[in-house]
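Below you'll find the structure, written out as structure tokens, and then a few comments.
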Amino acid sequence: PPRRSSSRHMLATLVFPAAYSPSPFASLAAARPRTAAAPAMSELSLAATVVRDVSALPTMYALMSLNEYMTHRYFQHLEFNRPESLPWVKSLVERVAGVPAAEQRVPGDGHVEHHAETYDDMSLKNDERWRANKASQSLDDDYYRGTAFHWSATLIMTVQMLPSVLPTYALMGWSLPETLAILLPSMLLHAVVWNAIHPPMHGLPPVALTDGFGTGPGVAGGKAFSEWLIGTRYAHWIFENHMGHHVLGGQCNYNVCCPMTDHLLGSYVPTAEWQPKMRPLPANAQTRGPVVAPANVPQLPTREEYEATRLLQRQMRESAGGGGGTAPAAIANGGTIIADAYSE
């Protein structure tokens, strides 16, 4: 009958919605965890942001140290051109660009020639015989003789940094503009520190703005900044570190402004190990200018001190079955030994 059907319909409308809709108690129970989780998620998000922000500069420093090391050792020292060097890089280049590994070579940029005219106290050879040498003449077009970080070098290093910096900072949550806002000032800071210390370290003037981001003539506060920087413990450390690089024939201490990678890869040699191997200037040596050095850096030995040390080292090598010679000996994890100002 119609009346009974109507009653059943009314009962269904009351029972089924109640069965399939959450009760007020269930709603309250579900709401409690959500309100409790909100502060936790907010705290986690804040912590992640703080970690990201705090690690931005250390990450950039680490990538700069790695890039500085690789550029200095494998490209400026031309180790890339050795058949056994960086086979995985050459294999990748061969697959991508089709250039056989045996044909992959990088050109010199004057850095090897810079080593060839540098004495152990960082002064530059300048005698008439050396000036007539092709290696010396190849540096004559550069006022800073291969010691400065020119604008072109800053551009090249910035481009070299992009393949490592962009994906790293993207994973950290930085946008492209934010990443560039960190990278570009870092590159300029690297250049100004290099140019304030490295050319004067070799007896040459600070770099002018026309040549690179430096502290030379015309830069407001440039002289004061250079004088302050050269007096810091940081400048003292990198000066000594770079001295060791030259004393040992360029086979260690490849980081200049950003020390770290040498320590990680085993190519760092401390002062106590390389200082006894310093050589005095040759008799009647002529140099280009006075070296600007921090106080208390290692000094060249006298000829008498050098001869006594050399005799002791020869006796130790002979007792160990080695030979004599004055050239730097190969060191563990070191790179290729290249010519210096003492080479004939």
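The values are calculated or read from the model by the stated rules, or taken from the named source; none is laboratory data. Note that the structure is predicted; figures quoted are calculated from it, not measured. Because the Cβ atoms are built from the backbone with ideal geometry, glycine has one as well, and the counts that use them run over all protein chains shown. Calculation scope for accessible area: heavy atoms of the full protein, side chains included, ligands and nucleic acids excluded. Shrake-Rupley method; radii C 1.70, N 1.55, O 1.52, S 1.80 Å.
For the reader, a short list of remarks on this structure follows.
Yes/no matrix, rows are residues, columns are (1) touching a Gly at 6+ places or on another chain (Cβ under 9 Å); (2) modelled with pLDDT of 95 or more:
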position: 131; (1), (2): no, no
position: 142; (1), (2): yes, no
position: 145; (1), (2): yes, no
position: 148; (1), (2): yes, no
position: 151; (1), (2): yes, no
position: 154; (1), (2): yes, no
position: 165; (1), (2): no, yes
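- Filtered residue count, segment 185-203, keeping only those that are open to solvent by 20 Å² or more (accessible area, probe 1.4 Å) and outside any helix (DSSP H, G or I): 0
- Taken together, the residues in segment 222-232 that are open to solvent by 50 Å² or more (accessible area, probe 1.4 Å) and either touching a residue at least 60 places away in the same chain (Cβ under 8 Å) or assigned to a loop (DSSP other than H, G, I, E, B) (or both) amount to 1.
- Restricting attention to segment 233-247 and to residues that are buried (at least 16 other Cβ atoms within 10 Å of the Cβ) and free of Cβ contacts under 8 Å to residues at least 40 places away in the same chain, the residue that is farthest from residue 157 (Cα to Cα) turns out to be 244.
- Scanning segment 273-299 for residues that are in contact with a strand residue (DSSP E or B) (Cβ under 8 Å, 6 or more places away or on another chain) and β-branched (Val, Ile, Thr) turns up just one, 287.
- Odd one out for residue 151 among (1) open to solvent by 60 Å² or more (accessible area, probe 1.4 Å); (2) without any contact (Cβ under 8 Å) to a residue 24 or more places away in the chain; (3) not small (Gly, Ala, Ser): (2)
- Some residue of segment 2-9 being in a helix (DSSP H, G or I), modelled with pLDDT of 50 or more and charged (D, E, K, R): no
- Residues in segment 110-136 that are without any contact (Cβ under 8 Å) to a residue 24 or more places away in the chain and in a loop (DSSP other than H, G, I, E, B): 132, 133.
- Elements of type helices (runs of 4 or more DSSP H) in segment 241-344, at least 2 residues being at pLDDT 75 or above and within 28 Å of residue 58 (Cα to Cα): 261-265
- Total residues in segment 79-106, condition within 24 Å of residue 267 (Cα to Cα) and open to solvent by 50 Å² or more (accessible area, probe 1.4 Å): 6
- Between 162, 139, the distinction of being farther than 28 Å from residue 251 by Cβ and either in a loop (DSSP other than H, G, I, E, B) or under 20 Å from the mean Cα position of the chain (by Cα) (or both) belongs to 162 only.
- Residue check for residue 89: outside any helix (DSSP H, G or I), farther than 22 Å from residue 189 by Cα and hydrophobic (A, V, I, L, M, F, W, C): no
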